[in-house]
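Here's the structure we're looking at; comments come further down.
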Amino acid sequence: MKKNVMTPEELASLPPLYSTEKVPTEEKVAMVKFFDPAGRGTWYGVEFDGNDTFFGYVVSPLGPDCDEWGYFSLSELCSVQGRFGIGIELDQWFTPQPIQPIIEAAKS
């Protein structure tokens, strides 16, 4: 993934870290989606600290028992290099959407 896949304006438009912690899961919104083209995971960002850290939902390639809410860093995603130099990508066509249906789809 290129280091600057999102503009500073796009990053600044994301909800700040901890701003949705009292919002029920069914009302949380996935704002961005990162994915590994090799199928090694998908990361949905719900909040961003304005610097490097996202909070969101991670869909594991190991199955739904390993999916989880947690923190992940943009710099770490940018550093991943798979075969042929392909790394984690930002889904350019993803539009913000409720996270609950994403979680339910990952479990099925």
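The values are calculated or read from the model by the stated rules, or taken from the named source; none is laboratory data. Please read these numbers as outputs of a predicted model, since none were measured by experiment. Positions of Cβ are backbone-derived with ideal geometry, glycine not excepted, and every protein chain shown enters the neighbour counts. Accessible surface areas use protein heavy atoms only, side chains included; no ligands, DNA or RNA. Shrake-Rupley method; radii C 1.70, N 1.55, O 1.52, S 1.80 Å.
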**Prompt:** Considering the Cα trace of the chain, what is its radius of gyration and what is Dmax, both in angstroms?
**Reply:** 13.3, 42
**Prompt:** With charges set only on the Cβ (+1 for Lys and Arg, -1 for Asp and Glu), what does the dipole of the chain come to about its Cα centre, in debye to the nearest 20?
**Reply:** 320
**Asked** Residues with amide H under 5 Å of D67's amide H, sequence separation 5 or more or different chain, H placed in the peptide plane at 1.01 Å from N; which?
**Response** S60
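Mind checking the per residue accessible area of the chain for me, 1.4 Å probe, whole number of Å²?
With all protein chains present, the chain gives 61 Å² per residue.
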**Request:** Starting from the Cα-Cα distance between S108 and T7, subtract it from 0.36 nm times their residue separation and give me the gain in nm to one decimal.
**Result:** 33.0 nm
**Fill in**
From most to least accessible, 1.4 Å probe, no ligand or DNA/RNA atoms counted, K33, K28, K22 line up as K22, K33, K28
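Kindly state, to the nearest 0.05, the FRET efficiency for R83 paired with S60, given R0 = 30 Å and r defined as their beta-carbon distance.
Details: r = 20 Å, r/R0 = 0.65.
About 0.95, to the nearest 0.05.
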**Complete:** Taking the chain and counting helices only, DSSP H stretches of n ≥ 4 at -39,500 (n - 2.57) each over all residues, the nearest-500 ellipticity at 222 nm comes to -4500 deg cm²/dmol
**Request:** Taking the dipole about the Cα centre of the chain, with the C-beta of Lys and Arg at +1 and of Asp and Glu at -1, give me whichever of A12, V58, V80 is farthest to the positive side.
**Result:** V80
**Message:** Within the chain, count lysine pairs with alpha carbon atoms under 27 angstrom apart where the residues are 8 or more positions apart or belong to different chains.
**Reply:** 7
